[in-house]
Amino acid sequence: MAIARASASAPASLAPGLRRTASGASSGQTLIEFALTFILLLTLIFGIVDGGRAMYAYNAIASAAREGARFGAVHPSGDIVGAVQAAAVGLALGAGDITVAPIDADTLTIEVTVMYEFDAVTPFVPDMTFQSTAHQYREVWE
């Protein structure tokens with residue numbers, strides 16, 4: 001009696017032309033896994049970039065508020081808003097984003113407040129509003 005042997009070719013359950021790799025998985029699965037992983041990786045990278053941009057924006061407005069307060073303490077009749085805008089490198093601050101309180105006669109301090117609307121690029125990172133206030137004593141040169 002002769003025993004029939006199974007052939008070493010692809011099993012009948014696979015469609016014609018579809019081959020299996022050495023591990024037994026089809027090659028299309030690797031492409032799907034790469035696409036899903038790549039989307040998650042890009043989202044993570046853009047989230048990190050947005051976090052860096054947000055930190056830069058907050059540090060820039062805090063520094064600009066300090067520079068404006070210092071300029072106002074030395075030059076009370078000068079263009080304090082212009083000094084703040086010049087100090088906020090890379091940010092488009094309008095005159096409405098900067099509030100300058102006049103020098104208080106009792107304490108001789110000036111107060112500068114800067115607000116900035118941060119627009120995130122990554123869809124899952126919310127837009128934020130940053131605010132920084134700086135106080136400086138009036139410099140009296142007599």
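What follows draws every value from the coordinates through simple rules; no lab data is involved. Note that the structure is a prediction, hence the values are computed from the model and not measured. Note that we place each Cβ from the backbone using ideal geometry, even for glycine, and neighbour counts take in every protein chain shown.
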Return yes or no: is Y116 under 30 Å from T43 (Cα atoms), in a helix (DSSP H, G or I) and of a type in the set (S, T, Y)?
no
Please work out if I48 is surrounded by 14 or more Cβ atoms within 10 Å (Cβ to Cβ) and β-branched (V, I, T).
no
Hey, can you tell me all the residues within the stretch 119-142 that are under 26 Å from F46 (Cβ atoms), in contact with a helix residue (DSSP H, G or I) (Cβ under 6 Å, 6 or more places away or on another chain), in a loop (DSSP other than H, G, I, E, B) and not aliphatic (A, V, I, L, M)?
T122
Looking at the stretch 57-91 only, could you name the residues that are under 18 Å from the mean Cα position of the chain (by Cα) and loosely packed, with under 14 Cβ neighbours inside 10 Å?
N59, V89, G90
Residue pairs qualifying under the 8 Å Cβ cut-off, at least six apart or on distinct chains, with the first in the stretch 26-43 being farther than 25 Å from P123 by Cα and the second being outside any helix (DSSP H, G or I) and aliphatic (A, V, I, L, M), are S26/L18
Top-ranked residue of the stretch 103-142 - restricted to ones that are under 11 Å from the mean Cα position of the chain (by Cα) and of a type in the set (D, E, K, R), ranked as surrounded by the most Cβ atoms within 10 Å (Cβ to Cβ):
D119
